[in-house]
Number of protein chains: 2
Amino acid sequence: MSLSLGAKMAARAAAVEEVLAAHLPPEGGVPVPLTAAMRYAVLGGGKRLRPFLVGAAAEAAGGGGTGGVILQAACAVELIHAYSLVHDDLPCMDASPLRRGKPSVHVAFGEAMALLAGDALLPLAFQVLARAGEGDVVRRAVAELAWAAGWQGLVGGQSRDLLAEGCEVNRAEVEAIQRGKTGAIWVAAARIGGLLGGADEGRLADLTAYARRFGILFQLTDDILDLTGDSSVLGKPAKADAAKNKATFPALLGLDGARRLA
Amino acid sequence: MSLSLGAKMAARAAAVEEVLAAHLPPEGGVPVPLTAAMRYAVLGGGKRLRPFLVGAAAEAAGGGGTGGVILQAACAVELIHAYSLVHDDLPCMDASPLRRGKPSVHVAFGEAMALLAGDALLPLAFQVLARAGEGDVVRRAVAELAWAAGWQGLVGGQSRDLLAEGCEVNRAEVEAIQRGKTGAIWVAAARIGGLLGGADEGRLADLTAYARRFGILFQLTDDILDLTGDSSVLGKPAKADAAKNKATFPALLGLDGARRLA
(Lines give C-alpha, C1' and ligand atoms only; values in the text may rest on other atoms or scores of the structure.)
Protein backbone atom coordinates (compact mmCIF):
# COMPACT_ATOMS: atom_id res chain seq x y z
CA MET A 1 0.00 0.00 0.00
CA SER A 2 1.59 3.27 -1.04
CA LEU A 3 1.47 6.25 1.26
CA SER A 4 -0.37 9.42 0.28
CA LEU A 5 1.90 12.30 -0.75
CA GLY A 6 1.08 14.14 2.48
CA ALA A 7 1.95 11.16 4.67
CA LYS A 8 5.12 10.55 2.69
CA MET A 9 6.17 14.18 3.07
CA ALA A 10 5.49 14.07 6.81
CA ALA A 11 7.55 10.90 7.20
CA ARG A 12 10.42 12.37 5.22
CA ALA A 13 10.29 15.62 7.19
CA ALA A 14 10.52 13.65 10.44
CA ALA A 15 13.56 11.75 9.16
CA VAL A 16 15.19 15.01 8.06
CA GLU A 17 14.50 16.58 11.46
CA GLU A 18 16.24 13.71 13.20
CA VAL A 19 19.34 13.83 10.98
CA LEU A 20 19.56 17.62 11.25
CA ALA A 21 19.45 17.38 15.04
CA ALA A 22 22.24 14.78 14.97
CA HIS A 23 24.50 17.01 12.87
CA LEU A 24 23.91 20.20 14.85
CA PRO A 25 25.99 20.92 17.95
CA PRO A 26 24.52 19.19 21.02
CA GLU A 27 22.22 21.09 23.34
CA GLY A 28 24.38 23.12 25.71
CA GLY A 29 27.38 22.63 23.37
CA VAL A 30 30.26 25.09 23.77
CA PRO A 31 30.41 27.87 22.80
CA VAL A 32 26.95 28.80 24.05
CA PRO A 33 25.08 30.82 22.73
CA LEU A 34 26.45 30.08 19.24
CA THR A 35 25.35 26.46 19.37
CA ALA A 36 21.93 27.40 20.78
CA ALA A 37 21.44 29.93 17.97
CA MET A 38 22.32 27.29 15.37
CA ARG A 39 19.80 24.81 16.78
CA TYR A 40 17.12 27.50 17.10
CA ALA A 41 17.63 28.49 13.46
CA VAL A 42 17.25 24.97 12.11
CA LEU A 43 15.08 22.82 14.36
CA GLY A 44 11.39 22.93 15.18
CA GLY A 45 10.12 24.67 12.08
CA GLY A 46 10.26 24.58 8.33
CA LYS A 47 8.36 22.35 5.96
CA ARG A 48 11.54 20.60 4.77
CA LEU A 49 10.39 20.92 1.16
CA ARG A 50 13.90 21.19 -0.30
CA PRO A 51 15.02 17.93 1.32
CA PHE A 52 11.84 16.33 -0.05
CA LEU A 53 12.82 17.43 -3.56
CA VAL A 54 16.29 15.89 -3.11
CA GLY A 55 14.68 12.55 -2.28
CA ALA A 56 12.06 12.82 -5.04
CA ALA A 57 14.74 13.61 -7.63
CA ALA A 58 16.80 10.64 -6.47
CA GLU A 59 13.72 8.42 -6.88
CA ALA A 60 13.02 9.88 -10.31
CA ALA A 61 16.59 8.97 -11.24
CA GLY A 62 16.04 5.42 -10.06
CA GLY A 63 17.84 5.74 -6.71
CA GLY A 64 16.32 5.31 -3.26
CA GLY A 65 14.62 8.35 -1.79
CA THR A 66 15.40 7.74 1.84
CA GLY A 67 18.76 5.96 1.71
CA GLY A 68 21.64 7.11 3.87
CA VAL A 69 23.59 9.24 1.41
CA ILE A 70 20.52 10.90 -0.07
CA LEU A 71 19.00 11.70 3.31
CA GLN A 72 22.30 13.25 4.42
CA ALA A 73 22.51 15.30 1.22
CA ALA A 74 18.91 16.42 1.70
CA CYS A 75 19.85 17.74 5.13
CA ALA A 76 22.84 19.59 3.68
CA VAL A 77 20.52 21.44 1.31
CA GLU A 78 18.19 22.33 4.19
CA LEU A 79 21.13 23.72 6.19
CA ILE A 80 21.91 26.12 3.32
CA HIS A 81 18.27 27.22 3.32
CA ALA A 82 18.30 27.69 7.10
CA TYR A 83 21.48 29.78 7.04
CA SER A 84 20.08 31.99 4.28
CA LEU A 85 16.97 32.78 6.32
CA VAL A 86 19.08 33.81 9.33
CA HIS A 87 21.18 36.24 7.30
CA ASP A 88 18.20 37.52 5.25
CA ASP A 89 16.42 38.52 8.44
CA LEU A 90 19.38 40.56 9.81
CA PRO A 91 18.90 44.30 10.40
CA CYS A 92 21.20 45.27 7.51
CA MET A 93 19.21 43.00 5.16
CA ASP A 94 15.42 42.53 5.35
CA ALA A 95 15.31 43.44 9.06
CA SER A 96 12.59 40.89 9.74
CA PRO A 97 11.69 40.32 13.40
CA LEU A 98 9.62 37.15 12.87
CA ARG A 99 10.36 33.79 11.24
CA ARG A 100 8.36 30.57 11.42
CA GLY A 101 6.16 32.18 14.07
CA LYS A 102 9.09 32.85 16.41
CA PRO A 103 11.41 35.83 16.94
CA SER A 104 14.13 35.82 14.28
CA VAL A 105 17.55 34.57 15.35
CA HIS A 106 19.02 38.07 15.75
CA VAL A 107 16.05 39.10 17.91
CA ALA A 108 16.49 36.04 20.12
CA PHE A 109 20.32 35.90 20.25
CA GLY A 110 21.59 39.31 19.12
CA GLU A 111 23.01 40.38 15.79
CA ALA A 112 26.55 39.04 16.24
CA MET A 113 25.40 35.54 17.20
CA ALA A 114 22.90 35.48 14.32
CA LEU A 115 25.64 36.42 11.88
CA LEU A 116 27.91 33.72 13.33
CA ALA A 117 25.16 31.08 13.47
CA GLY A 118 24.62 31.59 9.73
CA ASP A 119 28.37 31.56 9.15
CA ALA A 120 28.53 28.20 10.95
CA LEU A 121 25.50 26.60 9.27
CA LEU A 122 26.94 27.27 5.82
CA PRO A 123 30.12 25.19 6.24
CA LEU A 124 28.14 22.61 8.25
CA ALA A 125 26.10 22.01 5.09
CA PHE A 126 29.27 21.24 3.14
CA GLN A 127 30.61 19.09 5.95
CA VAL A 128 27.41 17.02 6.06
CA LEU A 129 27.40 16.63 2.28
CA ALA A 130 31.11 15.81 1.99
CA ARG A 131 30.74 13.16 4.67
CA ALA A 132 27.46 11.79 3.27
CA GLY A 133 29.28 9.02 1.46
CA GLU A 134 32.41 8.21 -0.50
CA GLY A 135 33.21 8.65 -4.12
CA ASP A 136 33.44 11.22 -6.83
CA VAL A 137 29.68 11.71 -7.15
CA VAL A 138 29.65 13.25 -3.67
CA ARG A 139 32.39 15.66 -4.74
CA ARG A 140 30.25 16.66 -7.73
CA ALA A 141 27.28 17.20 -5.42
CA VAL A 142 29.42 19.54 -3.30
CA ALA A 143 30.25 21.60 -6.39
CA GLU A 144 26.52 21.86 -7.23
CA LEU A 145 25.61 23.04 -3.74
CA ALA A 146 28.46 25.56 -3.66
CA TRP A 147 27.41 27.01 -7.01
CA ALA A 148 23.82 27.39 -5.88
CA ALA A 149 24.80 29.08 -2.61
CA GLY A 150 27.17 31.56 -4.22
CA TRP A 151 27.27 34.78 -6.18
CA GLN A 152 25.64 33.22 -9.24
CA GLY A 153 22.87 31.71 -7.13
CA LEU A 154 21.47 32.52 -3.71
CA VAL A 155 23.73 35.43 -2.75
CA GLY A 156 23.54 36.97 -6.22
CA GLY A 157 19.75 36.87 -6.04
CA GLN A 158 19.70 38.34 -2.56
CA SER A 159 21.97 41.19 -3.72
CA ARG A 160 19.74 41.90 -6.72
CA ASP A 161 16.72 41.83 -4.42
CA LEU A 162 18.21 44.41 -2.05
CA LEU A 163 19.39 46.63 -4.88
CA ALA A 164 15.95 46.53 -6.54
CA GLU A 165 14.05 47.68 -3.44
CA GLY A 166 12.05 50.76 -4.33
CA CYS A 167 13.24 50.72 -7.96
CA GLU A 168 11.30 50.19 -11.18
CA VAL A 169 12.39 46.79 -12.44
CA ASN A 170 11.32 44.80 -15.47
CA ARG A 171 10.20 41.20 -15.69
CA ALA A 172 13.68 39.96 -16.65
CA GLU A 173 15.10 41.40 -13.45
CA VAL A 174 12.29 39.99 -11.28
CA GLU A 175 13.01 36.60 -12.84
CA ALA A 176 16.76 36.99 -12.24
CA ILE A 177 16.09 37.80 -8.59
CA GLN A 178 13.86 34.76 -8.20
CA ARG A 179 16.24 32.49 -10.12
CA GLY A 180 19.04 33.37 -7.72
CA LYS A 181 17.39 34.05 -4.41
CA THR A 182 15.11 31.04 -4.27
CA GLY A 183 15.47 29.18 -7.58
CA ALA A 184 19.11 28.13 -7.33
CA ILE A 185 18.59 26.02 -4.22
CA TRP A 186 15.60 24.21 -5.79
CA VAL A 187 17.77 23.44 -8.79
CA ALA A 188 20.61 22.24 -6.56
CA ALA A 189 18.18 20.05 -4.59
CA ALA A 190 16.96 18.38 -7.79
CA ARG A 191 20.43 17.99 -9.33
CA ILE A 192 22.04 16.66 -6.14
CA GLY A 193 19.22 14.15 -5.71
CA GLY A 194 19.56 13.20 -9.35
CA LEU A 195 23.33 12.80 -9.18
CA LEU A 196 23.21 10.65 -6.06
CA GLY A 197 20.31 8.67 -7.52
CA GLY A 198 22.42 7.83 -10.56
CA ALA A 199 20.88 10.15 -13.18
CA ASP A 200 22.63 10.48 -16.53
CA GLU A 201 23.18 13.91 -18.13
CA GLY A 202 19.83 13.80 -19.96
CA ARG A 203 17.88 13.05 -16.80
CA LEU A 204 19.85 15.72 -14.91
CA ALA A 205 18.84 18.27 -17.54
CA ASP A 206 15.17 17.23 -17.17
CA LEU A 207 15.38 17.52 -13.39
CA THR A 208 16.98 20.96 -13.73
CA ALA A 209 14.18 22.18 -16.00
CA TYR A 210 11.54 20.78 -13.65
CA ALA A 211 13.16 22.42 -10.62
CA ARG A 212 13.34 25.79 -12.41
CA ARG A 213 9.61 25.75 -13.14
CA PHE A 214 8.80 24.48 -9.67
CA GLY A 215 10.92 27.27 -8.19
CA ILE A 216 9.00 29.94 -10.08
CA LEU A 217 5.66 28.45 -9.01
CA PHE A 218 6.81 28.28 -5.41
CA GLN A 219 7.96 31.90 -5.45
CA LEU A 220 4.71 33.08 -7.03
CA THR A 221 2.75 31.29 -4.31
CA ASP A 222 4.97 32.77 -1.62
CA ASP A 223 4.62 36.28 -3.05
CA ILE A 224 0.82 35.94 -3.34
CA LEU A 225 0.58 34.66 0.23
CA ASP A 226 2.70 37.58 1.40
CA LEU A 227 0.03 39.90 0.00
CA THR A 228 -3.09 37.95 0.94
CA GLY A 229 -2.08 35.91 3.98
CA ASP A 230 -2.06 36.59 7.68
CA SER A 231 1.12 36.90 9.82
CA SER A 232 -0.17 34.38 12.33
CA VAL A 233 -0.56 31.74 9.61
CA LEU A 234 2.57 32.64 7.63
CA GLY A 235 4.76 32.78 10.72
CA LYS A 236 6.46 35.89 9.33
CA PRO A 237 5.28 39.47 8.77
CA ALA A 238 2.65 39.65 5.99
CA LYS A 239 2.79 42.34 3.29
CA ALA A 240 6.47 42.86 4.13
CA ASP A 241 7.44 42.76 0.45
CA ALA A 242 5.01 45.50 -0.52
CA ALA A 243 6.04 47.63 2.48
CA LYS A 244 9.64 47.46 1.27
CA ASN A 245 8.72 47.92 -2.38
CA LYS A 246 10.31 44.57 -3.22
CA ALA A 247 10.66 43.54 -6.85
CA THR A 248 8.19 40.63 -6.81
CA PHE A 249 5.94 39.05 -9.43
CA PRO A 250 2.76 40.61 -7.89
CA ALA A 251 4.46 44.03 -7.82
CA LEU A 252 5.23 43.61 -11.51
CA LEU A 253 2.08 41.87 -12.78
CA GLY A 254 -0.48 42.74 -10.14
CA LEU A 255 -2.01 40.14 -7.83
CA ASP A 256 -4.31 38.77 -10.53
CA GLY A 257 -1.51 38.65 -13.07
CA ALA A 258 0.67 36.70 -10.63
CA ARG A 259 -2.24 34.31 -9.94
CA ARG A 260 -2.70 33.76 -13.67
CA LEU A 261 1.04 33.07 -14.14
CA ALA A 262 0.94 30.58 -11.26
CA MET B 1 69.72 26.27 -7.97
CA SER B 2 67.04 26.43 -5.31
CA LEU B 3 65.15 29.62 -4.65
CA SER B 4 65.45 31.37 -1.31
CA LEU B 5 62.39 30.97 0.93
CA GLY B 6 61.45 34.61 0.35
CA ALA B 7 61.64 34.29 -3.44
CA LYS B 8 59.70 31.02 -3.33
CA MET B 9 56.98 32.60 -1.17
CA ALA B 10 56.73 35.57 -3.54
CA ALA B 11 56.45 33.28 -6.57
CA ARG B 12 53.75 31.20 -4.87
CA ALA B 13 51.85 34.31 -3.78
CA ALA B 14 51.85 35.57 -7.37
CA ALA B 15 50.49 32.23 -8.63
CA VAL B 16 47.81 32.27 -5.92
CA GLU B 17 46.84 35.84 -6.83
CA GLU B 18 46.34 34.82 -10.46
CA VAL B 19 44.19 31.80 -9.65
CA LEU B 20 42.11 33.76 -7.14
CA ALA B 21 41.44 36.43 -9.76
CA ALA B 22 40.36 33.75 -12.23
CA HIS B 23 37.85 32.24 -9.78
CA LEU B 24 36.35 35.54 -8.63
CA PRO B 25 33.53 37.14 -10.62
CA PRO B 26 34.89 39.21 -13.52
CA GLU B 27 35.40 42.95 -13.13
CA GLY B 28 32.03 44.61 -13.71
CA GLY B 29 30.27 41.24 -13.24
CA VAL B 30 26.56 41.34 -12.39
CA PRO B 31 25.30 41.98 -9.79
CA VAL B 32 27.49 44.99 -9.13
CA PRO B 33 28.39 45.94 -6.38
CA LEU B 34 28.42 42.39 -4.95
CA THR B 35 31.06 41.23 -7.39
CA ALA B 36 33.16 44.35 -6.84
CA ALA B 37 33.02 43.83 -3.07
CA MET B 38 34.14 40.21 -3.48
CA ARG B 39 37.15 41.22 -5.61
CA TYR B 40 38.02 44.06 -3.24
CA ALA B 41 37.97 41.68 -0.28
CA VAL B 42 40.30 39.14 -1.85
CA LEU B 43 42.66 40.75 -4.36
CA GLY B 44 45.54 43.16 -3.96
CA GLY B 45 46.48 42.43 -0.40
CA GLY B 46 47.28 39.61 1.96
CA LYS B 47 50.50 37.72 2.33
CA ARG B 48 48.95 34.42 1.10
CA LEU B 49 50.60 32.53 3.95
CA ARG B 50 47.84 29.93 4.28
CA PRO B 51 48.10 28.93 0.62
CA PHE B 52 51.87 28.68 1.10
CA LEU B 53 51.33 26.23 3.95
CA VAL B 54 49.03 24.11 1.73
CA GLY B 55 51.82 23.83 -0.85
CA ALA B 56 54.53 23.25 1.75
CA ALA B 57 52.50 20.47 3.39
CA ALA B 58 51.92 18.84 0.01
CA GLU B 59 55.67 18.92 -0.60
CA ALA B 60 56.36 17.52 2.86
CA ALA B 61 54.00 14.66 1.97
CA GLY B 62 55.92 14.01 -1.22
CA GLY B 63 53.49 15.72 -3.62
CA GLY B 64 54.18 18.75 -5.82
CA GLY B 65 53.78 22.14 -4.17
CA THR B 66 52.57 24.08 -7.16
CA GLY B 67 50.64 21.50 -9.16
CA GLY B 68 47.13 22.23 -10.39
CA VAL B 69 45.02 20.57 -7.70
CA ILE B 70 47.16 21.80 -4.84
CA LEU B 71 47.27 25.37 -6.09
CA GLN B 72 43.47 25.35 -6.48
CA ALA B 73 43.07 23.95 -2.96
CA ALA B 74 45.45 26.59 -1.63
CA CYS B 75 43.22 29.28 -3.13
CA ALA B 76 40.14 27.70 -1.55
CA VAL B 77 41.77 28.01 1.88
CA GLU B 78 42.63 31.66 1.18
CA LEU B 79 39.01 32.38 0.21
CA ILE B 80 37.86 31.13 3.62
CA HIS B 81 40.41 33.42 5.26
CA ALA B 82 39.28 36.38 3.13
CA TYR B 83 35.59 35.83 3.94
CA SER B 84 36.36 35.61 7.65
CA LEU B 85 38.13 38.99 7.62
CA VAL B 86 35.14 40.66 5.92
CA HIS B 87 32.68 39.37 8.51
CA ASP B 88 35.05 39.95 11.45
CA ASP B 89 35.33 43.62 10.51
CA LEU B 90 31.53 44.19 10.40
CA PRO B 91 29.99 46.70 12.84
CA CYS B 92 28.25 43.99 14.89
CA MET B 93 31.58 42.13 15.23
CA ASP B 94 34.97 43.86 15.66
CA ALA B 95 33.75 47.05 13.92
CA SER B 96 37.11 47.59 12.28
CA PRO B 97 37.30 50.38 9.68
CA LEU B 98 40.69 49.43 8.22
CA ARG B 99 42.07 46.22 6.69
CA ARG B 100 45.27 45.73 4.72
CA GLY B 101 45.75 49.49 4.65
CA LYS B 102 42.40 50.11 2.95
CA PRO B 103 38.89 50.84 4.21
CA SER B 104 37.21 47.59 5.31
CA VAL B 105 34.67 46.10 2.89
CA HIS B 106 31.64 47.42 4.81
CA VAL B 107 33.16 50.92 4.85
CA ALA B 108 33.74 50.79 1.09
CA PHE B 109 30.55 48.96 0.02
CA GLY B 110 28.10 49.22 2.92
CA GLU B 111 27.15 46.68 5.54
CA ALA B 112 24.70 44.63 3.45
CA MET B 113 27.14 44.14 0.57
CA ALA B 114 29.95 43.25 2.98
CA LEU B 115 27.75 40.61 4.61
CA LEU B 116 26.79 39.22 1.20
CA ALA B 117 30.35 39.34 -0.17
CA GLY B 118 31.44 37.17 2.76
CA ASP B 119 28.42 34.91 2.24
CA ALA B 120 29.49 34.47 -1.39
CA LEU B 121 33.21 33.92 -0.75
CA LEU B 122 32.47 31.07 1.66
CA PRO B 123 30.70 28.80 -0.87
CA LEU B 124 33.14 29.93 -3.58
CA ALA B 125 35.89 28.34 -1.49
CA PHE B 126 34.04 25.02 -1.50
CA GLN B 127 33.30 25.33 -5.21
CA VAL B 128 36.96 25.93 -6.03
CA LEU B 129 38.04 23.02 -3.83
CA ALA B 130 35.36 20.61 -5.10
CA ARG B 131 36.35 21.40 -8.69
CA ALA B 132 40.11 21.30 -8.00
CA GLY B 133 40.32 17.74 -9.24
CA GLU B 134 38.54 14.41 -9.27
CA GLY B 135 38.49 11.63 -6.77
CA ASP B 136 37.68 10.84 -3.19
CA VAL B 137 40.70 12.66 -1.77
CA VAL B 138 39.17 15.96 -2.91
CA ARG B 139 35.93 15.06 -1.12
CA ARG B 140 37.96 14.43 2.04
CA ALA B 141 39.67 17.80 1.62
CA VAL B 142 36.24 19.47 1.43
CA ALA B 143 35.27 17.85 4.73
CA GLU B 144 38.48 19.16 6.34
CA LEU B 145 37.87 22.71 5.13
CA ALA B 146 34.23 22.65 6.23
CA TRP B 147 35.19 21.45 9.69
CA ALA B 148 37.79 24.19 10.08
CA ALA B 149 35.39 26.91 8.95
CA GLY B 150 32.56 25.85 11.23
CA TRP B 151 31.37 25.96 14.81
CA GLN B 152 34.22 23.77 16.06
CA GLY B 153 36.79 25.89 14.24
CA LEU B 154 36.79 29.43 12.92
CA VAL B 155 33.25 30.48 13.87
CA GLY B 156 33.48 28.83 17.28
CA GLY B 157 36.69 30.74 17.97
CA GLN B 158 35.20 34.00 16.78
CA SER B 159 32.20 33.48 19.06
CA ARG B 160 34.42 32.75 22.05
CA ASP B 161 36.48 35.83 21.22
CA LEU B 162 33.42 38.11 21.19
CA LEU B 163 32.00 36.58 24.36
CA ALA B 164 35.34 36.99 26.17
CA GLU B 165 35.67 40.72 25.42
CA GLY B 166 36.09 42.57 28.69
CA CYS B 167 35.95 39.35 30.74
CA GLU B 168 38.58 37.70 32.91
CA VAL B 169 39.58 34.58 31.02
CA ASN B 170 42.15 31.92 31.82
CA ARG B 171 44.88 30.52 29.63
CA ALA B 172 42.79 27.53 28.55
CA GLU B 173 40.14 29.87 27.16
CA VAL B 174 42.70 32.10 25.39
CA GLU B 175 44.08 28.95 23.79
CA ALA B 176 40.60 27.76 22.81
CA ILE B 177 39.91 31.13 21.16
CA GLN B 178 43.17 30.97 19.23
CA ARG B 179 42.71 27.31 18.28
CA GLY B 180 39.37 28.13 16.71
CA LYS B 181 39.66 31.66 15.42
CA THR B 182 43.01 31.36 13.69
CA GLY B 183 44.38 27.89 14.43
CA ALA B 184 41.74 25.79 12.66
CA ILE B 185 42.47 27.22 9.23
CA TRP B 186 46.23 26.64 9.64
CA VAL B 187 45.47 23.04 10.54
CA ALA B 188 43.13 22.68 7.56
CA ALA B 189 45.78 24.20 5.25
CA ALA B 190 48.36 21.65 6.40
CA ARG B 191 45.98 18.67 6.33
CA ILE B 192 44.52 19.53 2.92
CA GLY B 193 48.00 19.97 1.48
CA GLY B 194 49.04 16.70 3.10
CA LEU B 195 45.99 14.80 1.83
CA LEU B 196 46.41 16.04 -1.73
CA GLY B 197 50.16 15.41 -1.54
CA GLY B 198 49.51 11.78 -0.67
CA ALA B 199 50.28 11.78 3.07
CA ASP B 200 49.43 8.67 5.08
CA GLU B 201 47.69 8.95 8.48
CA GLY B 202 50.99 9.20 10.37
CA ARG B 203 52.26 12.06 8.23
CA LEU B 204 48.86 13.78 8.48
CA ALA B 205 49.11 13.65 12.26
CA ASP B 206 52.62 15.16 12.11
CA LEU B 207 51.40 17.94 9.83
CA THR B 208 48.48 18.62 12.15
CA ALA B 209 50.78 18.93 15.17
CA TYR B 210 53.14 21.21 13.25
CA ALA B 211 50.28 23.44 12.06
CA ARG B 212 48.92 23.72 15.62
CA ARG B 213 52.26 24.96 16.93
CA PHE B 214 52.75 27.23 13.95
CA GLY B 215 49.26 28.69 14.50
CA ILE B 216 50.03 29.56 18.11
CA LEU B 217 53.33 31.21 17.13
CA PHE B 218 51.61 33.17 14.37
CA GLN B 219 48.89 34.37 16.76
CA LEU B 220 51.45 35.38 19.40
CA THR B 221 53.34 37.41 16.80
CA ASP B 222 50.11 39.03 15.58
CA ASP B 223 49.07 39.89 19.14
CA ILE B 224 52.49 41.34 19.97
CA LEU B 225 52.49 43.42 16.78
CA ASP B 226 49.01 44.69 17.63
CA LEU B 227 50.49 46.10 20.85
CA THR B 228 53.84 47.32 19.56
CA GLY B 229 53.26 48.02 15.86
CA ASP B 230 52.04 51.02 13.94
CA SER B 231 48.72 51.17 12.04
CA SER B 232 50.44 52.37 8.88
CA VAL B 233 52.67 49.29 8.82
CA LEU B 234 50.04 46.80 10.04
CA GLY B 235 47.41 48.05 7.60
CA LYS B 236 44.81 47.76 10.37
CA PRO B 237 44.22 49.70 13.59
CA ALA B 238 46.99 49.07 16.16
CA LYS B 239 46.20 48.39 19.83
CA ALA B 240 42.64 47.46 18.79
CA ASP B 241 42.75 44.29 20.90
CA ALA B 242 43.71 46.12 24.08
CA ALA B 243 41.11 48.84 23.42
CA LYS B 244 38.41 46.14 23.25
CA ASN B 245 39.83 44.18 26.16
CA LYS B 246 40.30 41.15 23.92
CA ALA B 247 41.34 37.85 25.46
CA THR B 248 44.83 37.62 23.91
CA PHE B 249 48.09 36.03 25.00
CA PRO B 250 49.66 39.43 25.87
CA ALA B 251 46.57 40.38 27.89
CA LEU B 252 46.97 37.13 29.82
CA LEU B 253 50.76 36.85 30.12
CA GLY B 254 51.90 40.44 29.62
CA LEU B 255 53.91 41.55 26.59
CA ASP B 256 57.16 40.03 27.90
CA GLY B 257 55.42 36.78 28.81
CA ALA B 258 53.96 36.54 25.30
CA ARG B 259 57.38 37.22 23.81
CA ARG B 260 58.90 34.48 25.94
CA LEU B 261 56.21 32.00 24.89
CA ALA B 262 56.82 32.88 21.22
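The values are calculated or read from the model by the stated rules, or taken from the named source; none is laboratory data. Computed from a predicted model, the values in this text were never measured in an experiment. Backbone-built Cβ (ideal geometry, glycine too); neighbour counts: all protein chains shown. Side chains are part of the model used for accessible areas, which takes the heavy atoms of the whole protein and leaves out ligands, DNA and RNA. Shrake-Rupley method; radii C 1.70, N 1.55, O 1.52, S 1.80 Å.
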### Query
If only one of A:Leu162, A:Leu196, A:Leu207 is facing chain B (nearest Cβ under 8 Å) and open to solvent by 10 Å² or more (accessible area, probe 1.4 Å), which one is it?
A:Leu162
#### Entry: Subset of region B:5-36 (residues that are farther than 23 Å from B:Arg131 by Cβ and in a helix (DSSP H, G or I))
B:Leu5, B:Gly6, B:Ala7, B:Lys8, B:Met9, B:Ala10, B:Ala11, B:Ala36
### Query
Does region A:182-190 contain any residue that is touching a Pro at 6+ places or on another chain (Cβ under 7 Å) and of a type outside the set (A, V, I, L, M)?
no
### Task
Of all residues in region A:177-216, count the ones that are part of a helix (DSSP H, G or I), closer than 17 Å to A:Leu53 by Cα and among the small types (Gly, Ala, Ser).
11
### Query
Based on what the data block shows, is A:Ala238 of a type outside the set (Lys, Arg) and not in a helix (DSSP H, G or I)?
yes
### Query
If you scan region B:16-31, which residues turn out to be of a type in the set (A, V, I, L, M, F, W, C) and buried (at least 17 other Cβ atoms within 10 Å of the Cβ)?
B:Val16, B:Val19, B:Leu20, B:Leu24
### Message
Which residue is nearest to B:Ala146 (Cα to Cα), if the candidates are limited to region B:198-214 and must be small (Gly, Ala, Ser) and touching a Leu at 6+ places or on another chain (Cβ under 9 Å)?
### Response
B:Ala211
### Residues of region A:242-262 satisfying the condition of being open to solvent by less than 40 Å² (accessible area, probe 1.4 Å) and part of a helix (DSSP H, G or I)
A:Phe249, A:Pro250, A:Gly254, A:Gly257, A:Ala258
### Query
Considering only helices (runs of 4 or more DSSP H) fully contained in region A:41-151, which possess at least 1 residues that are within 14 Å of another protein chain (Cβ to nearest Cβ) and either of a type in the set (Lys, Arg) or open to solvent by 40 Å² or more (accessible area, probe 1.4 Å) (or both)?
A:68-88, A:105-109, A:111-130, A:136-149
#### Entry: Index of the failed condition, A:Gln127 passing every other in (1) within 16 Å of the chain's Cα centre (by Cα); (2) within 27 Å of A:Ala11 (Cβ to Cβ)
(1)
### Query
Of these, B:Val174, B:Val169, which one is in a loop (DSSP other than H, G, I, E, B) and more than 10 Å from chain A (Cβ to nearest Cβ)?
B:Val169
